[in-house]
Amino acid sequence: MTVQPEQPTSDPRGTESAPEGGPAAAPAHRFRPGLDRIAAYRAGKPAPLGPGGRSFKLSSNESPYPPLASVARGLAEVLPASLARYPSIAAPEVAAALAARFEVGPESIVLGAGSVEVAAQMIHALTAPGDEVVFAWRSFEAYPILARAAGAVPVEVPLDADARHDLPAMAAAVTERTGIVFVCNPNNPTGTVVSRAELEEFMAAVPERVLVVIDEAYVHFDRDPGSPSGIEFFRRYPNVAVLHTFSKAYGLAGLRIGYAIARPTVAEVLRKVALPFGVSRLAQEAAVLSLDAEADLDERVDELVRERSRLFDGLLAAGLGPVPSQANFVWLPAGDESGRIAEALERHGVSARCFPGEGVRVTVGLPEENDAVLAAAAELVAAIV
Ligand SMILES: *Cc1c(COP(=O)(O)O)cnc(C)c1O
């Protein structure tokens, strides 16, 4: 398929006169072709007001907890000194802490303003215009956006009937033009995981030239003993890189810091295309402090995993057919009923993520938030019987 150059829609010389008192009309820039095919990222909606004026935002898989106490204290201390100066680009303290944690060299760690930025670095560094980026669909909605923004071609491989990655189909979708495959494990928005054996078979089928990125944004919540460990695959396969983030389990989504673990040759090119100074000093500080607070973190993650089970059981009992999840959210593959479910949740003050015609993703929140979801589910059952 050929991409048509964008046609200027109005006055090609940009000589339109400005409306009285307003700014001059936009001139006819030469935009990069294909940008009109990028769907804007749909962020989770703010929560509507529910009964008692309460509202619960369960639409973006954020942590429901305040920052860990040690992290909040540490950030308050560095705040005054951290704003006027540029941060360190190399972020040696974060790299050293992560390197020690995963027993890799610090040269294998690449940071970004969230792992989304690191995923963008990967696409920029490993695809030429027209090269392909393969991923499951539906999966993380940033993948097609980042691919198109870089001039690459997104290749979406449908999930199987159980809302899991269809790894044999993904391997078959790899062509000469494929630069990267993303394996989102657990998958956003379905919460499903691939098995170790499936991933091994997949690695055997994919040429070494292709970078296989295991996106483990939700790895802390994964309790499936059959799940592959991204870092273990990184050690065994030279063409594997792992993506991790501080946004989900660590509760630092607002600070923007994530990272890749990659072979030094890959890491080096990722750093070249990174946004200069993209990771703030505060984000770096929070990352180091978070890595020191693992015991506190584990407690919170365990609590969320318990709440996930309770939420899943309640949704199952209500007949909403939740998919078993290894992440901090639950997927309801409701098809045409998705809108109705999202509306019922809204009446209870809950904003979830609705994919019209496909399903609804509900983030696991605090117990009272999950109670609101279950109350909405009970109302839906009552409406059916
Ligand atoms: C939330 C999420 C991320 C993390 O994004 P950040 O940029 O680190 O906040 C990465 N991958 C997936 C699949 C996600 O759902």
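The values are calculated or read from the model by the stated rules, or taken from the named source; none is laboratory data. Because the structure is a prediction, the values reported are computed rather than measured. Neighbour counts are summed over all protein chains in view; Cβ atoms, including those assigned to glycine, are modelled from backbone coordinates with ideal geometry.
What strands (runs of 3 or more DSSP E), lying completely within the range 115-228, carry at least 3 residues that are surrounded by 21 or more Cβ atoms within 10 Å (Cβ to Cβ) and within 16 Å of the ligand (Cβ to nearest atom)?
132-137, 178-184, 211-215
Kindly evaluate residue 290 against the criterion of being within 15 Å of the ligand (Cβ to nearest atom) and either over 21 Å from the mean Cα position of the chain (by Cα) or farther than 22 Å from residue 183 by Cα (or both).
Yes, satisfied.
What number of residues within the range 234-264 satisfy the criterion of being without any contact (Cβ under 8 Å) to a residue 60 or more places away in the chain and over 18 Å from residue 107 (Cα atoms)?
3
Do you know which of the residues in the range 57-80 that are touching a residue at least 12 places away in the same chain (Cβ under 8 Å) and outside any loop (DSSP other than H, G, I, E, B) is farthest from residue 294 (Cα to Cα)?
Among them, the one singled out is 57.
Here is a yes/no grid of residues against (1) in the same structural domain as residue 114 (by TED's automatic domain parsing); (2) aliphatic (A, V, I, L, M); (3) on the phi > 0 side of the Ramachandran plot; (4) at pLDDT 95 or above:
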{"site": "288", "(1), (2), (3), (4)": "yes, yes, no, yes"}
{"site": "302", "(1), (2), (3), (4)": "no, no, no, yes"}
{"site": "306", "(1), (2), (3), (4)": "no, no, no, yes"}
{"site": "309", "(1), (2), (3), (4)": "no, no, no, yes"}
{"site": "314", "(1), (2), (3), (4)": "no, no, no, yes"}
{"site": "328", "(1), (2), (3), (4)": "no, no, no, yes"}
{"site": "333", "(1), (2), (3), (4)": "no, no, no, yes"}
{"site": "340", "(1), (2), (3), (4)": "no, no, no, yes"}
{"site": "344", "(1), (2), (3), (4)": "no, yes, no, yes"}
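Condition first: farther than 25 Å from residue 301 by Cβ and aliphatic (A, V, I, L, M). Now tell me which residues in the range 321-349 satisfy that.
Correct list: 334, 341, 342, 344.
How many of the residues in the range 264-288 are crowded, with 17+ Cβ neighbours inside 10 Å, not in a helix (DSSP H, G or I) and not β-branched (Val, Ile, Thr)?
Of the residues in that region, 3 qualify.
Please count how many residues of the range 8-34 are under 38 Å from the mean Cα position of the chain (by Cα), modelled with pLDDT of 55 or more and surrounded by 10 or more Cβ atoms within 10 Å (Cβ to Cβ).
Adding up the residues that qualify gives 8.
Restricting the range 337-355 to residues that are touching a Gly at 6+ places or on another chain (Cβ under 6 Å) and of a type outside the set (S, T, N, Q), which is nearest to residue 49 (Cα to Cα)?
Here the residue is 349.
Looking for whichever is out of contact with any helix residue (DSSP H, G or I) (no Cβ under 7 Å at 6 or more places or on another chain) and either within 16 Å of the ligand (Cβ to nearest atom) or free of Cβ contacts under 8 Å to residues at least 12 places away in the same chain (or both) here; the options are 42, 54. Which one fits?
Only one candidate qualifies: 42.
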